[in-house]
1. Among I148, F525, A331, flag the residue with its Cα farthest along the positive direction of the charge dipole of the chain, charges on Cβ as +1 for Lys/Arg and -1 for Asp/Glu.
2. Sorting M329, M143 on the 10 Å Cβ count, fewest up front, what's the list?
3. Pick out, in residue order, every one of the GluC sites (Glu not before Pro) in the range 456-515 that is DSSP loop and has at most 15 other C-beta atoms within 10 Å; say none if there are none.
4. Over the chain, one equal point on each Cα, no solvent: what is log10 I(q)/I(0) by the Debye formula at q = 0.06, 0.07 Å⁻¹?
5. Considering amide H positions built from the backbone, and no H for Pro or chain starts, which residues 5 or more places from Y568, or on another chain, come under 5 Å of its amide H?
6. Provide the packing ranking of 254-267, 191-204, 313-326, i.e. peptides ordered by the mean count of other C-beta atoms within 10 Å per residue, highest first.
7. Note the angle between two axes, namely the Cα long axis of helix 417-434 and the longest principal axis of the Cα atoms of the chain, as a number of degrees from 0 to 90, rounded to the nearest 10.
8. Tell me which residues come under 5 Å, amide H to amide H, from V134 once H is placed; ignore anything under 5 positions away on its chain.
Amino acid sequence: MKSHRAISINNSLVHGICNYSCRLCGINKASYDGPREFQSFIVTESLIQRIYESAESGINVRYLANSGDGEPTLHPEFNDRISMFGAMLRKWNISAVPPPEVSVVTNGSRLHMPGIMEAFLENDISLIISLPTVVPESYGTIMTGDSIRGHAILSKILPVIEKAMEYRANGQLSKLCFHISPPETKIIRHDFPDTIDFLTCLARSRALEEIELVLFPATSNRSGLIRSNVVRVDMYKDLFRKYNGHTVNGVNIRMKLVVKRFFSNVFEIADLIRSFKFPCLWNANFFIAADGCSICCNDQSARNPLGNILSESLDTLMQYKELYMPGKMCAGCNQSPQRLRGSAEAVLFSIIVRIRMGLSEIRNRYPVSNISTMEQTEYLPPEKEIIEENDNRVEEAEQRGEDTIDTISDSSLPDSIDEMKEAFRLIYDSYLASGYQKKDPSSMRISFSNLLPTSSLITVKKNGEVCGTLTIILESDSRLPINELFNHEINKIRRKDSLICELSGLAVDESLRIDQSRTVLLSLFRKAFILGHDFMGCTDFCMMINPHHCDYYQKEFNFEKIGQIRHYDKVNGAPAVPLRLNLAKGAELFKISNPRLYQYFFISDRQMIKELSYHELSEHRKLYNVKYINSLIRSKEDLLTDLTEKEIRILYGYYPELR
């Protein structure tokens, strides 16, 4: 992911199920059409595992709140789930990254139930109680839509608040905070002095020296599920001046806006603007539904999931968010950042967001590319457009009677040994120029994988000569090259029924123009997607890349980084990082990040290309015979001497005649 800031997670232990019906929440309303479920054990376990994995890779999860779109204490296994998070905190052994603060956001109605409060005390979990007001009529209006009910339900909660304050004063409760939410600003403002007076008096009676409040600046309509036309944010500046840091009834008051919890300083907001094509505060952190889907904060019905923690890392899920551009769901959201009003900060942020989105659109239409150095700011246009432009130029040249015409073919699988040797020479030249290859009399770079019929060599030609190549290595009895350096990382992404392919030996002729390099690279990868997914049944692509090129492959082809830098002897000790792409999610990734590339890779002329590829693959496989191996040995005398004994045995298994 591009973002470097610490991230926060809101986790729905319960989604779509609540014992209240807040006026500004879609739950228990006729308009709600989302899930109604409790989070399963496997989802909770996966979330904890993803947090560990992220920390090991250097990603800091600052805050984990069990809140989401339902009342978390209604979960039938609430105590067991809280114990799982407590165990995570107790066993945390990653020194480079601190453990997250874990909390539960509750309406407080079930805190008096047996064992509920004990779960907080025993597991170092922060308790956050939603308390917009202590005025009974107002409380009933906000929390149930019925002012008369306020007395009854508030009378059950206040004794629990008093007990929680006592636990906090004694140090038994790690943290106690009050969310002045749901954010019905008119009522909150009117009742705020009474709320402060009541809470501070209660705190003083329990010897609690300080209370902490979090205010919410904007009223939400939960992406159109309920009617709320309020678009002006309220930063409560007057309330902060009057109360924050001051003492009332002998108790100190600490206040913050909820934005401060997720963005500790202005630099983190700047990081959001830099990293996200659509810098939305409400979509900038994770909101995990009960089934593990990653959704937007305001996507209460979970209509637009962006991946799932059961199958994807937090790194990958954040990439989905970084690449997301507003769609139908955002059109119904009154917290969409382009619409923010009400304060100078909100207006400034709104302007910046619109500028950032405009730049994203411009870069999508007019990308800046430099394939030779693998540095690219945004996504490339489909190869089809470039090929059409090239064809027009060729036709014009023919009409002028010119002899020298640059024609670039679509990618294909070689049908001759000579063409494969051409590709090996191109790899050699490219690696030699980059310092990854020592001089060799054969002027070819041939790896052990290139000798096996489980590999497929893809080429692109310019004027009949190979100008680009890429190899797909299918996992088999012999380990993938990446396992030599990143075996642990590959095993971590391995799952039941998975089949991993490695992309290797990428080389593009450096003499090509930039537009031609684009054509070649996109064509190579389209063929790789078709061969890997449709013909070989691969579930994942992996590759080793120089760290300088990492951002390019993450942006362009949606790979995710799965490990840290190591040095690889087979490329003269150059640094390498491992990347991985889940092919099952590939189409969805491109739908979000670049619909034009999605059309090119997954739809446009795909059936015709698949039929051609089937024929090519059949002919290509025929080349892997003893004649092919002997031809390479004659061209490169040290070919077999560089192999290990195990590799020799595997080679003899495929080609018994070599013995």
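1. I148
2. Final ranking by Cβ density, sparse to dense: M329, M143.
3. E510
4. Listed by q, the Debye log ratios stand at -0.43, -0.56.
5. G573, A574, A576
6. 313-326, 191-204, 254-267
7. For 417-434 against the chain, the angle is about 60 degrees.
8. Amide H neighbours of V134, under 5 Å, 5+ apart: T195.
Throughout, read-outs are computed from the coordinates displayed, never taken from laboratory work. Keep in mind the model is a prediction, meaning the values are calculated, not measured. A quick note on method: Cβ atoms are made from the backbone with ideal geometry, for glycine too, and the neighbour counts reach across all protein chains shown.
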